[in-house]
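Engineer: Have a look at the structure that comes next, please.
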Amino acid sequence: MPTLAKTGNEAMAEAMRQINPDVVAAYPITPATEIVMIFSQFVADGLVDTEYVAVESEHSAMSACVGAAAAGCRVMTGTSSQGLQLMSEILPIASALRLPIVMCDVNRALSGPINIHCDHSDTMAVRDFGWLQIFSENAQEAYDNVLQMMRISENKEIQLPGMVTTDGFIISHCMERVETIDDAAAKQYVGAYQPLKSVLDLDNPITLGSLDLQDYYFEHKMPIVEAMQKAKNVILEVGRDFGQKFGREYGLVETYKLDDAEIAMVALGSTCGTARVIIDELRAQGVKVGLLKIRVFRPFPAEAIVAALKNVQAAAIMDRSDMYSDQGGQVFCEIRSALYDADKKPLLANYVYGLGGREICLEDIRRICADTQANAAAGKVKQLIQHYGVRE
């Protein structure tokens, strides 16, 4: 397998090239612009067979994706922040119609004020729209996750759209070593798309987008619920298969030095890489600390999280977004709910951090681990929710 220096955006674009979708419809937005810009060059150079549709807005981009997917095409797109929000009217339509569109989303703060840097508020704002969500820690995972998401979304038991995310600028624009798969192997891994239905199949007519009132609306939402329930096993199967073929296995979550940990940090995305450095440092000092990385946020891996944290005394839950509900961030609320009926559970404290791209550095992780150690020693949480790093 060739190893190349690539940014996160380049890695995602490379995965798209190897997938060679039938249609890509997109509108540029920082910091995701490069993904579809690079891919459009692949189209211009004849390296893919894709019909590239340049539209006038992200709303139009997702509308075009829905139309193409309904016609039986393999479809991809990319966006970020306000672009994802402009798509939001169409996102639940894509999931309700069971269209396996795959999106490369670069996490960026929502306006206002206007900000182009990383937090998770854009992805979290659309978490309940029936889309699968996978977070990437680095460019390697971004590349691997895009290939896997195509397999997951198109699985006949799932047929749901999915988004693969990277942290804006931190991953999207930073260059690192990425081990790519040979084109032939990638093509074989993803496989040929075999749509279950198409509005262009005149011999087997279907109705899409019809009015659906009290009589059947509820019943027609249940397939999304059932597909999300099945998705956990499919994600695990796809991750194991990827590991067997290419040496990098993936699950719903990933643990790091958590087996004998007394305290833990729980995070998503690039922060996990920063946390590993401090965990190694503290381990050398005799502190039993570990990391729980949440890779898949939708469907939410509640059972895996409960099992991973059952022997931990205290945990710091890291949220790079806020719900503005006075109950903490989205990750914290989901984990707190998942642990409600657990016989063994840690003390939890929530750290809302890094909004608008504010740096989370090694010293910050040290302090948060020290706070968590103090909570464990005291047997109670000193402060349930902190907006960490805010200047007073």
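Engineer: Sorting check: for 57-70, 40-53, which peptide has the highest mean count of neighbouring beta carbons within 10 Å, and how do the rest follow?
Structural biologist: 57-70, 40-53
Engineer: Using the Cβ atoms and a cut-off under 9 Å, what net charge is assigned to the surroundings of GLY269, where Lys and Arg are +1 and Asp and Glu are -1?
Structural biologist: That sum, taken over residues with Cβ under 9 Å, equals 0.
Engineer: Which shape class, rounded, prolate or oblate, goes with the stretch 1-119 when its Cα gyration tensor gives a ≥ b ≥ c as root eigenvalues, a/c under 1.5 marks rounded, and past that a/b bigger than b/c marks prolate?
Structural biologist: It comes out oblate by the Cα gyration axes.
Engineer: When a/c is below 1.5 the answer is rounded, else prolate if a/b is larger than b/c, else oblate, so apply that to the stretch 176-308 with a ≥ b ≥ c taken from the square roots of the Cα gyration tensor eigenvalues.
Structural biologist: It comes out oblate by the Cα gyration axes.
Engineer: Right, next: Any chance you could run the full-extension gain for ALA5 through GLU281? It's 0.36 nm times the residue separation minus the Cα-Cα distance, nm to one decimal.
Structural biologist: Going from the current span to full extension adds 96.6 nm.
Engineer: Where a Cα-Cα gap under 17 Å defines reach, which lysines qualify for LYS380, not counting those fewer than 8 residues away within the same chain?
Structural biologist: Result set, ordered by chain and number: LYS310, LYS344, LYS345.
Engineer: Net charge within 12 Å of CYS65 by Cβ-Cβ distance, Lys/Arg positive one each and Asp/Glu negative one each, not counting CYS65 itself?
Structural biologist: After counting each charged neighbour, the total is -2.
Engineer: Just tell me, in residue order, which DSSP H segments of the chain are both 15 angstrom or longer along the helix axis (alpha-carbon based) and at least 0.0 in mean Kyte-Doolittle hydropathy. Working shown, then result.
Structural biologist: Details: long enough: 8-19 (17 Å, -0.43); 33-44 (17 Å, 1.52); 58-70 (18 Å, 0.68); 139-154 (23 Å, -0.48); 217-246 (43 Å, -0.34); 271-284 (20 Å, 0.38); 362-378 (24 Å, -0.17).
Membrane-span-like by this rule: 33-44, 58-70, 271-284.
Engineer: How do 168-181, 340-353 rank on mean C-beta neighbours within 10 Å, highest first?
Structural biologist: Averaged packing, sorted descending, gives the order 168-181, 340-353.
Engineer: Still on this structure: Given points 7 Å out from each Cα along the Cα-Cβ axis, report the THR207 to LEU384 separation in nanometres with one decimal.
Structural biologist: 4.8
Engineer: Can you sort VAL55, VAL24, VAL331 by how many other beta carbons sit within 10 Å, fewest first?
Structural biologist: With the sparsest Cβ surroundings first, the list reads VAL55, VAL331, VAL24.
Engineer: Also, I was wondering about something else. Expected output is a single nm value to one decimal: the length gained when fully extending between LEU200 and SER325, i.e. 0.36 nm times separation in residues minus the C-alpha distance. What is it?
Structural biologist: Full extension of this stretch gives 40.5 nm more.
Engineer: Over the chain, what is the mean sequence separation of C-alpha contacts under 8 Å (at least six apart), divided by residue count, expressed as relative contact order in percent?
Structural biologist: 16
Engineer: Using only DSSP helix segments of four residues or longer, with each worth -39500 (n - 2.57), what per-residue ellipticity at 222 nm results for the chain after dividing by its residue count and rounding to 500?
Structural biologist: Per the formula, -12500 deg cm²/dmol.
Engineer: For the stretch 253-387, what class follows from the C-alpha gyration tensor (a ≥ b ≥ c being the square roots of its eigenvalues): rounded when a/c is under 1.5, otherwise prolate if a/b is larger than b/c, else oblate?
Structural biologist: rounded
Engineer: While we're here: Can you tell me the order of 12-21, 114-123 when each peptide is scored by its average per-residue count of other Cβ atoms within 10 angstrom, highest first?
Structural biologist: Ranking, from highest mean packing down: 12-21, 114-123.
Engineer: Work out the FRET efficiency for ASP260 and ASP128 from their Cβ-Cβ distance, taking R0 = 30 Å, and round it to the nearest 0.05.
Structural biologist: Given R0 = 30 Å and the Cβ-Cβ separation, E is 0.25.
Coordinate-derived values only; no laboratory data. On a predicted model such as this, the values are computed, not experimentally measured, just so you know. Every residue, glycine among them, receives a Cβ derived from its backbone with ideal geometry; neighbour counts consider all protein chains shown.
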